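See structure below.
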Amino acid sequence: MIPNTRKPHTRGFIQEQVEPGTTLYTDALPSYKGLSAEYVHGVIDHAESYAEGQVHTNGLENFWSLLKRGIKGTYVSVEPFHLFRYLDEQVFRFNNRKTKDVARFVDALIGIVGKRLTYKSLIGAAGLA
């Protein structure tokens, strides 16, 4: 999470997380101006259109819609310190959305082999006595 969408925060986050030369498609938020110096940057201005060839944000908007629906409808109450866990789950679901349920379940099980999750670490109290 970033504190706000102002240019210093968005640019710093993008530079930390995204390799230079990567193709980025964004909306016309002014904070994204100047990304073309380091990235292949396609901009879609929703005041004019929602897609121009490959340049659109529809896939990301679909993902956020599903995430918000999951938080409001399935999980109901999400603590900020657990948000990354819910996000990871939704990323897994989204990236495997064309996979059959049984195969997705097996993939999830494979991902937990050899890992231990204690209640204290789950609630963020691992360092407490």
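The values are calculated or read from the model by the stated rules, or taken from the named source; none is laboratory data. In this text the structure is predicted, and so the values were computed from the model without any measurement. Heads up, the Cβs are rebuilt from the backbone with ideal geometry, glycines too, and the neighbour counts pull from every protein chain shown. For accessibility, only protein heavy atoms count, side chains too; no ligands or nucleic acids. Shrake-Rupley method; radii C 1.70, N 1.55, O 1.52, S 1.80 Å.
Can you classify segment 49-106 as rounded, prolate or oblate using the Cα gyration tensor, where a ≥ b ≥ c are the square roots of its eigenvalues, rounded means a/c under 1.5, and otherwise it's prolate if a/b beats b/c and oblate if not? Oblate shape, in that a/c is at least 1.5 and b/c is the bigger or equal ratio. Expressed as a whole percent, the accessible surface of the chain that belongs to carbon and sulfur atoms is 58, based on a 1.4 Å probe.
Computed with a 1.4 Å probe over protein heavy atoms only, the accessible area of F105 comes to about 120 Å². Accessible area of S36 (1.4 Å probe, protein heavy atoms only, ligands and nucleic acids ignored): about 80 Å². Protein heavy-atom accessible surface, 1.4 Å probe, per residue over segment 1-40: 71 Å².
Placing D101, D45 in order of accessible area, with the largest value first and a 1.4 Å probe, yields D101, D45. Taking the Cα centre of segment 1-125 as reference, the dipole from Cβ charges on Lys and Arg (+1) and Asp and Glu (-1) amounts to some 620 debye.
Site pair E16 and N95 shows an inter-label distance of 2.0 nm when each label is modelled 7 Å from Cα along Cα→Cβ. Qualifying GluC sites (Glu not before Pro) in segment 3-88, where qualification requires a DSSP coil assignment and no more than 16 other C-beta atoms within 10 Å, comprise E38, E48. Under the criterion of Cα pairs below 8 Å and six or more residues apart, the relative contact order for the chain equals 13 percent. Computed over protein heavy atoms with a 1.4 Å probe, the accessible surface of segment 62-129 works out to 83 Å² per residue.
Classify segment 1-78 as rounded, prolate or oblate, taking a ≥ b ≥ c as the square roots of the eigenvalues of its Cα gyration tensor: rounded when a/c is under 1.5, otherwise prolate if a/b is larger than b/c and oblate if not. Oblate, since a/c reaches 1.5 and b/c is not below a/b.
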